[in-house]
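Read the structure below first, then the notes.
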Amino acid sequence: MAWVTINRNEPVVDPKAPPVLGEAVRVKIRSFFDRYETKRAVLLPALHIVQDALGHVPWQAMVEIADLLEIHPSDVIDTISFYTHFWTHPKGEKVITVCRSISCEVMGGAAVLEELKKQLKIDEHETTKDGKYSLVTEECLAGCDNAPCLLINEKLHKHVKPQDVAKLLAEANNDRIAVPRSALFDASTLSFAAASKTNGALLGTTSDVREMREAD
Amino acid sequence: MAVFEPVLLRNRDVEDSTSLSVYESRGGYGAARKALKMTPVEIIEEVKKANLRGRGGAGFPAGVKWGFLPKDRTRTLLCVNADESEPPTFCNRVLMETDPHQLIEGTIIAAYATQSQIAYIYIRVEFHEQFHILQRAVDEAYAKGYLGKRIFGSDYSLECYLHRGAGAYVCGEETGLIESLEGKRGWPRIKPPFPAVEGLFRRPTVVNNVETLCCVPHIIERGADWFTGIGPPHSTGPKLFCISGPVKRPGCYEAPMTITVRDLIEREDMGGGMLPGKKVKAVLPGGVSMGILTADELDMKMDFEDPRKYALLGLGTAAAVVIDDATDMRMVLRNMARFYGTESCGQCTQCREGTAWMHKIATRIAMGAGRIEDLDILLETARNMGMMPGLSICGLPDGATYPIETIVNKFRGELEAAIRAQAPERAKTVLSVLN
Ligand SMILES: Cc1cc2nc3c(=O)[nH]c(=O)nc-3n(C[C@H](O)[C@H](O)[C@H](O)COP(=O)(O)O)c2cc1C
Ligand code: SF4
Ligand code: FES
């Protein structure tokens with residue numbers, strides 16, 4: 001197979017575009033400043049806040065975060081590229097994270113993953129056409145007593161069997177946790193829905209892998 | 001023998017156990033009040049005397065670690081390691097979701113003993129529910145004046161902040177955790193300097209596991225002698241054990257470190273035996289990084305010393321997963337190899353390349369295209385990485401060595417037979433796909 005090249009010469013960040021981080025998000029990020037000795041230490045909290053608000057961390061947000069924290073944008077890219085939990089491309093409204101570690105594998109997790117792929121008609125690291133679901137796998141979620149288990153956004157689903165998958169996907173609140181939330185990191189205060197709509201056109205492209213496949 | 005009364009899990013089944021009022025009504029925060037009337041040195045001496053060994057995996061005595069802080073320091077930081085990412089470990093999760101104030105109380109005492117100004121609780125991001133439970137508990141403690149300025153009306157002030165991780169196993173390693181807290185990639189640091197001398201923001205820093213800190217209030221309340229009275233002299237105090245896999249009652253159980261792997265699987269108040277029709281084939285008794293036991297080795301004691309007699313690295317996280325006889329060991333081998341291959345942070349050549357190659361080889365074997373000599377290549381690779389041969393920055397590749405080495409050594413017959421039974425045509429196809 002020949003190398004597929006993607007044209008990355010067009011500017012990823014348009015300097016004239018209006019900022020993507022709203023004031024509420026900025027206030028929230030700034031509220032973390034006095035917790036740490038350096039502003040850079042606010043980077044992980046900032047990325048969480050931005051991803052909660054926008055659904056992902058676009059390039060322009062990285063530049064704006066760098067500005068807020070008085071670090072270089074490349075520092076943000078360096079950090080963000082290390083962690084699996086942050087993504088730079090839009091994902092589905094709900095991200096399904098299936099555990100693939102040993103307890104879940106012994107208890108039949110692989111079959112659940114296969115069933116999910118079949119019903120959603122996508123492969124790992126992909127997003128459904130309607131932008132509803134993305135599917136990823138992770139190592140142990142520390143829920144092994146409930147193996148096989150998976151997360152849909154924040155909610156852990158326990159002892160999932162392949163025959164439960166259809167019902168699970170049909171549930172409206174399958175991604176919401178019941179415990180009272182602390183105000184910290186609460187996405188609902190950041191008008192998640194409005195923000196993700198502006199990026200709606202991009203939905204469907206989940207990763208470079210997908211991009212490369214489409215270029216093929 | 002007297003029935004063991006749970007200590008760390010004593011509030012687990014109490015209604016509303018996460019609220020401050022219920023915790024306090026059951027004697028909670030008494031130890032913290034008592035501790036703040038003691039001197040920091042007195043607390044450290046008591047914890048040393050109790051021989052509280054770290055529950056995070058390495059088993060290093062907590063009191064000794066606190067004693068390493070330089071005397072002339074002006075600022076000290078405490079990091080609570082709630083990153084719990086070692087498969088199949090979930091005891092810290094249980095502690096946080098059922099009794100968050102116990103952790104906060106332990107944190108207060110440890111922070112006072114080390115004279116820390118700030119305690120950061122680094123919690124893995126997948127713990128969504130636990131994050132909100134713990135954050136609410138912290139908020140409650142602040143509101144009551146148990147955290148913040150002049151706690152319990154004393155001269156001591158402590159800030160306590162939760163910090164969420166972002167999905168990386170290596171951020172559980174103490175210096176990886178520190179780098180991650182500083183907003184960087186979770187790349188472990190070369191030691192020395194050890195965190196006690198130069199850690200977070202280059203300040204003297206102590207990193208302790210959640211369960212370690214949960215033991216501290218009980219030591220202060222009931223004394224070191226009570227603590228050393230539980231379990232053998234080298235493995236004192238109550239301990240949480242996790243059991244998962246095809247057993248009747250997977251879960252987290254508390255006991256002295258006198259129980260055996262067999263107890264954990266079979267006792268009615270623990271695993272409750274295997275599910276109908278399932279038989280034990282192997283057990284990974286201490287998290288995945290400690291290595292594997294065969295069904296003939298279930299008499300191993302779950303303490304800090306005994307595992308070495310079975311060619312294991314140590315007690316690890318004391319979380320056991322049972323592999324049943326219907327499971328193909330090639331699958332287990334691949335699952336282990338993949339974990340370390342994807343979680344190596346890539347700074348050190350031996351670890352990055354070694355774990356990646358083990359993953360490739362184990363995948364090939366699992367897919368039916370293995371070669372007999374692959375088993376020796378796996379062993380050789382495993383032995384040539386890690387801190388123990390002195391070739392890496394952190395302990396991750398040592399953790400990768402033990403499961404691979406013990407699976408290959410203890411299940412060599414089965415693996416060889418499986419490789420010999422491969423269909424040559426399939427092997428060819430697999431290789432052409434993988435290459
Ligand atoms: C690769 C790696 C991952 C680790 N992950 C964790 C973890 O998730 N939780 C933890 O408490 N300790 C973890 N540790 C151990 C820590 O480095 C450290 O020893 C521990 O937090 C110290 O706390 P303790 O003395 O109270 O046990 C890990 C170590 C290594 C080498
Ligand atoms: S040993 Fe492995 S995980 Fe540890 S620092 Fe080196 S490359 Fe990273
Ligand atoms: S192995 Fe799946 S949650 Fe731990």
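The values are calculated or read from the model by the stated rules, or taken from the named source; none is laboratory data. Computed from a predicted model, the values in this text were never measured in an experiment. Quick reminder, even Gly has a Cβ in these numbers, built from the backbone with ideal geometry, and neighbours come from all protein chains shown.
Facing chain A (nearest Cβ under 8 Å), among the basic types (Lys, Arg) and either crowded, with 24+ Cβ neighbours inside 10 Å or out of contact with any helix residue (DSSP H, G or I) (no Cβ under 8 Å at 6 or more places or on another chain) (or both), is that true of B:Arg73?
no
A quick yes/no check of all residues on (1) closer than 17 Å to B:Gly56 by Cβ; (2) of a type in the set (Asp, Glu); (3) out of contact with any strand residue (DSSP E or B) (no Cβ under 6 Å at 6 or more places or on another chain):
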{"position": "B:Gly277", "(1), (2), (3)": "no, no, yes"}
{"position": "B:Lys281", "(1), (2), (3)": "no, no, no"}
{"position": "B:Glu297", "(1), (2), (3)": "no, yes, yes"}
{"position": "B:Lys301", "(1), (2), (3)": "no, no, no"}
{"position": "B:Pro307", "(1), (2), (3)": "yes, no, yes"}
{"position": "B:Thr317", "(1), (2), (3)": "yes, no, no"}
{"position": "B:Val321", "(1), (2), (3)": "no, no, no"}
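How many residues does segment B:1-58 hold that are part of a loop (DSSP other than H, G, I, E, B) and among the basic types (Lys, Arg)? So that I can check it myself, show each step before the final result.
Taking segment B:1-58 first, the residues part of a loop (DSSP other than H, G, I, E, B) are B:1-19, B:26-29, B:38-39, B:50-52, B:54-58.
Checking which are among the basic types (Lys, Arg) leaves us with B:10, B:12, B:26, B:55.
Of the residues in that region, 4 qualify.
Give the residue, chosen from B:Ala110, B:Ala82, B:Ala62, that is buried (at least 24 other Cβ atoms within 10 Å of the Cβ), within 11 Å of ligand 1 (Cβ to nearest atom) and within 14 Å of chain A (Cβ to nearest Cβ).
Working: B:Ala110 fails: within 14 Å of chain A (Cβ to nearest Cβ); B:Ala62 fails: within 14 Å of chain A (Cβ to nearest Cβ).
Going through B:Ala110, B:Ala82, B:Ala62 in turn, the sole match is B:Ala82.
Working only within segment B:68-93, note down all residues that are over 20 Å from B:Glu105 (Cα atoms) and more than 16 Å from ligand 3 (Cβ to nearest atom). Show your work before the answer.
Taking segment B:68-93 as the starting set, the residues that turn out to be over 20 Å from B:Glu105 (Cα atoms) are B:68-75, B:85-90.
Those that are over 20 Å from B:Glu105 (Cα atoms) and more than 16 Å from ligand 3 (Cβ to nearest atom): B:Phe68, B:Leu69, B:Pro70, B:Lys71, B:Asp72, B:Arg73, B:Thr74, B:Arg75.
With B:Gly59, B:Gly63 as the choices, which residue is modelled with pLDDT of 95 or more and either in contact with a helix residue (DSSP H, G or I) (Cβ under 6 Å, 6 or more places away or on another chain) or farther than 27 Å from B:Ser17 by Cα (or both)?
Numbers: B:Gly59 fails: modelled with pLDDT of 95 or more.
Unique residue meeting the criteria: B:Gly63.
Residue by residue through segment B:320-350, note down the ones that are over 18 Å from the mean Cα position of the chain (by Cα), within 15 Å of ligand 3 (Cβ to nearest atom) and assigned to a helix (DSSP H, G or I).
Listed by number, the residues that qualify are B:Met331, B:Val332, B:Arg334, B:Asn335, B:Arg338, B:Thr342.
Check segment B:135-143 and report whether any residue there is touching a Ser or Thr at 6+ places or on another chain (Cβ under 9 Å) and within 16 Å of ligand 2 (Cβ to nearest atom). Explain how you work it out, then say what you get.
Here is the first cut: in segment B:135-143, the residues touching a Ser or Thr at 6+ places or on another chain (Cβ under 9 Å) are B:135-140.
Applying the additional criterion that residues be within 16 Å of ligand 2 (Cβ to nearest atom) yields none.
For segment B:135-143, residues touching a Ser or Thr at 6+ places or on another chain (Cβ under 9 Å) and within 16 Å of ligand 2 (Cβ to nearest atom): absent.
When segment B:393-407 is examined, which residues are found to be surrounded by fewer than 24 Cβ atoms within 10 Å (Cβ to Cβ) and within 16 Å of ligand 2 (Cβ to nearest atom)?
Result: B:Ile393, B:Gly395, B:Asp398.
Looking at (1) surrounded by fewer than 20 Cβ atoms within 10 Å (Cβ to Cβ); (2) within 14 Å of chain A (Cβ to nearest Cβ); (3) away from ligand 3 (no atom under 16 Å from the Cβ), find the lone condition where B:Lys144 falls short.
(2)
Please verify whether B:Gly176 is within 14 Å of ligand 1 (Cβ to nearest atom), crowded, with 24+ Cβ neighbours inside 10 Å and part of a loop (DSSP other than H, G, I, E, B), treating the condition exactly as stated. Explain how you work it out, then say what you get.
On the way: within 14 Å of ligand 1 (Cβ to nearest atom): yes; crowded, with 24+ Cβ neighbours inside 10 Å: yes; part of a loop (DSSP other than H, G, I, E, B): no.
Answer is no for this residue.
Every residue, every condition in (1) over 27 Å from B:Gly287 (Cβ atoms); (2) touching a strand residue (DSSP E or B) at 6+ places or on another chain (Cβ under 6 Å); (3) in the same structural domain as A:Met62 (by TED's automatic domain parsing), yes or no:
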{"site": "A:Gly108", "(1), (2), (3)": "no, no, no"}
{"site": "A:Asp123", "(1), (2), (3)": "yes, no, no"}
{"site": "A:Asn146", "(1), (2), (3)": "no, no, no"}
{"site": "A:Leu150", "(1), (2), (3)": "no, yes, no"}
{"site": "A:Lys155", "(1), (2), (3)": "no, no, no"}
{"site": "A:Pro180", "(1), (2), (3)": "yes, no, no"}
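I need the full set of residues from segment B:408-425 which are buried (at least 17 other Cβ atoms within 10 Å of the Cβ) and assigned to a helix (DSSP H, G or I), in order please.
Listed by number, the residues that qualify are B:Val408, B:Lys410, B:Leu415, B:Ala418, B:Ile419.
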